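As structure tokens, the structure follows; a few thoughts come after it.
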Amino acid sequence: MKDYRRFYIGGQWVEPVSEETLAVIDPSREEPFATIALANDRDVDRAVEAAHRAFEGYSSSRVSDRLELLKNFEREYKLRSSDIAAAITQEMGAPVALAMSLQVASGLSHIQAAISVLGSFEFSHRIESDIVVKEPIGVCALITPWNWPMNQAVLKIAYALAAGCTIVFKPSEETPVSAALMTEALAASGVPAGVFNLINGSGPGAGSALAAHKHVDMVSFTGSTVAGVSVARAGAETVKRVSLELGGKSPNIILEDADFEDAVVKGAKAVFRNSGQTCLAPTRMLVPAKRMAEAARYARLAADNTVVGDPLNPGTKVGPLVNARQFDRVQQLIKRGIDEGATLVAGGLGKPEGLDIGYFVKPTVFSDVENSMTIAQEEIFGPVLSIIPYETENDAVRIANDTPYGLAGYVWSKNAESAYRVAKQIRAGIVVINGAFPNNLAPFGGMKQSGNGREQGVMGIEEYLETKVIAGCEDLANRGKTRSVRSRVGRKVSCQVAAQKHAAHDCRV
């Protein structure tokens, strides 16, 4: 088995203090293939202290230096892209084509987006005689899930580095190998010692310790709503910033005038993609009641034509679920759907024929689903689609918003005005019309129990910044000198303006 027990702390790969280890399982074969260490409190302390020591230097680094670091990271990440994709396939069962074209590619796109944002970002601006300065928030604990390991990890890391923050990164213990390879890319990029640190560990163990640590200034967490609540509680003790991207149960409203077959088939395939392990998946398909049978027929064809199997096979579209626990949970929820009276259209209980080994699930479709049913309210995180009838457009919007979640929504219509009208009424952080691909420079995040905060683009870098106002600096022409300036209320004040060498903190006039 591969040995990944070491952590990356203070610019070096170091042996853990903890002696607790965990076997990493290949979900397609139900066999261990690697070993990691699970960090204890002392390991967490070492990583956080390394980031804490490095913060003063890195937070005052030039924007040009950070741009160079991100460009180096882009280069090194590309060099390792095939290895990272192979690791993701083995760790979580993503089919090889998906692992490279979406899993790894999404991480690369976030590096490139962060470079674009940093290159034009204004870290200060004037409001009359005041200077508003954006400064790095401090040490950031970045905690990510296993379902899109590079997408979530790189999204956080690239923007935190762009902002001038230092990092302790804890990936999911299900996907540590791709995280280690990405860390190798960062190390080869010339990231200063202590600026980026990697530890492995469980959520209740290392994750909770990071969230509660006194020298962690911010936690950015992506995962389940239950775990997010725990992180928020742990962070509240030290009043740190906590940014959460949590679960979803996204509605997919297909209006009467939509290209119906196209909308149903694409909606179903989006649910099955990545074995249904996507927080944005449009798992609640809302269709006109009189077209329920038609929608069920198209969705069944989509399920029947979806190839489930060995993720190493180039023709495979859906691989296994990530682990036995997730497999059991999805099976229980499928049974709950049957027991509660939903109509099973495709798939169902048990593994697909011929796939006795591996955590494989049949692409499953339920029709005639009531929105109060468990399968319509709980995030299943498997390839399970619920088709729900509606009577009117207002009824569809009501059903769409009848959920504790608010991460994403989808609308299909040939009429742009109708689609926009409905999209405006959906309570979600992002609403996609007619299958459009969202821009990764646009802000991303949820409402309600899907979380708070925003990632990506300008708001993505602002997530890692604090705002400071320097008041009374009317004239900064002679920097570094004490000047007598007049405040807005007319009194004279003495303003010591320090010369700023670094663009990140430059008081621009």
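If a residue must be touching a helix residue (DSSP H, G or I) at 6+ places or on another chain (Cβ under 7 Å), under 20 Å from residue 242 (Cβ atoms), polar (S, T, N, Q) and surrounded by fewer than 24 Cβ atoms within 10 Å (Cβ to Cβ), how many such residues does the range 175-218 contain?
Looking only at that region, the number is 1.
Going through 333, 321, 349, 344 one at a time, which residue ends up being of a type outside the set (D, E, K, R), within 19 Å of residue 271 (Cα to Cα) and within 22 Å of the chain's Cα centre (by Cα)?
On the way: 333 fails: within 22 Å of the chain's Cα centre (by Cα); 349 fails: within 22 Å of the chain's Cα centre (by Cα); 344 fails: within 22 Å of the chain's Cα centre (by Cα).
Being of a type outside the set (D, E, K, R), within 19 Å of residue 271 (Cα to Cα) and within 22 Å of the chain's Cα centre (by Cα) holds for just one of 333, 321, 349, 344, which is 321.
Of the residues that sit in the range 361-400 and are touching a strand residue (DSSP E or B) at 6+ places or on another chain (Cβ under 8 Å) and polar (S, T, N, Q), which one is farthest from residue 311 (Cα to Cα)?
Here the residue is 371.
Filter the range 385-399 down to the residues that are surrounded by fewer than 24 Cβ atoms within 10 Å (Cβ to Cβ) and in contact (Cβ under 8 Å) with a residue 60 or more places away in the chain and list them by number.
Those that are surrounded by fewer than 24 Cβ atoms within 10 Å (Cβ to Cβ) and in contact (Cβ under 8 Å) with a residue 60 or more places away in the chain: 389, 390, 391, 393, 397, 399.
Considering (1) of a type in the set (S, T, N, Q); (2) surrounded by fewer than 17 Cβ atoms within 10 Å (Cβ to Cβ); (3) touching a strand residue (DSSP E or B) at 6+ places or on another chain (Cβ under 9 Å), say which one residue 238 fails and leave the rest.
(3)
Could you list all residues from the range 178-215 that are under 16 Å from residue 14 (Cβ atoms) and outside any helix (DSSP H, G or I)?
Those that are under 16 Å from residue 14 (Cβ atoms) and outside any helix (DSSP H, G or I): 191, 193, 194, 195, 196, 197, 198, 199, 200, 201.
Here is a check on your reading of the model: is residue 452 surrounded by fewer than 23 Cβ atoms within 10 Å (Cβ to Cβ) and within 26 Å of the chain's Cα centre (by Cα)?
Working: surrounded by fewer than 23 Cβ atoms within 10 Å (Cβ to Cβ): yes; within 26 Å of the chain's Cα centre (by Cα): yes.
The answer is yes for residue 452.
Among the residues of the range 336-348, write down those that are more than 12 Å from residue 380 (Cα to Cα) and of a type outside the set (Val, Ile, Thr).
The first filter runs over the range 336-348 and keeps only residues more than 12 Å from residue 380 (Cα to Cα), leaving 338-348.
Passing the criteria: 339, 340, 341, 342, 344, 346, 347, 348.
Could you check the range 243-263 and list, in sequence order, the residues that are crowded, with 24+ Cβ neighbours inside 10 Å, closer than 13 Å to residue 433 by Cβ and of a type in the set (A, V, I, L, M, F, W, C)?
Of everything in the range 243-263, those that are crowded, with 24+ Cβ neighbours inside 10 Å, closer than 13 Å to residue 433 by Cβ and of a type in the set (A, V, I, L, M, F, W, C) turn out to be 253, 254, 263.
All but one of (1) crowded, with 19+ Cβ neighbours inside 10 Å; (2) at pLDDT 95 or above hold for residue 473, so report the exception by its number.
(2)
Can you confirm whether residue 221 is crowded, with 19+ Cβ neighbours inside 10 Å, in contact with a strand residue (DSSP E or B) (Cβ under 8 Å, 6 or more places away or on another chain), aromatic (Phe, Trp, Tyr) and assigned to a strand (DSSP E or B)?
Values: crowded, with 19+ Cβ neighbours inside 10 Å: yes; in contact with a strand residue (DSSP E or B) (Cβ under 8 Å, 6 or more places away or on another chain): yes; aromatic (Phe, Trp, Tyr): yes; assigned to a strand (DSSP E or B): yes.
In short, yes.
Return the only residue of 415, 434 being touching a Phe, Trp or Tyr at 6+ places or on another chain (Cβ under 8 Å), assigned by TED's automatic domain parsing to the domain that holds residue 255 and either modelled with pLDDT of 95 or more or buried (at least 23 other Cβ atoms within 10 Å of the Cβ) (or both).
Details: 415 fails: touching a Phe, Trp or Tyr at 6+ places or on another chain (Cβ under 8 Å).
Just one listed residue meets the conditions, 434.
The values are calculated or read from the model by the stated rules, or taken from the named source; none is laboratory data. Because the structure is predicted, anything quoted here is derived from the model rather than measured. When we count neighbours, we look across all protein chains shown, and the Cβ atoms used for this are built from the backbone with ideal geometry, even at glycine.
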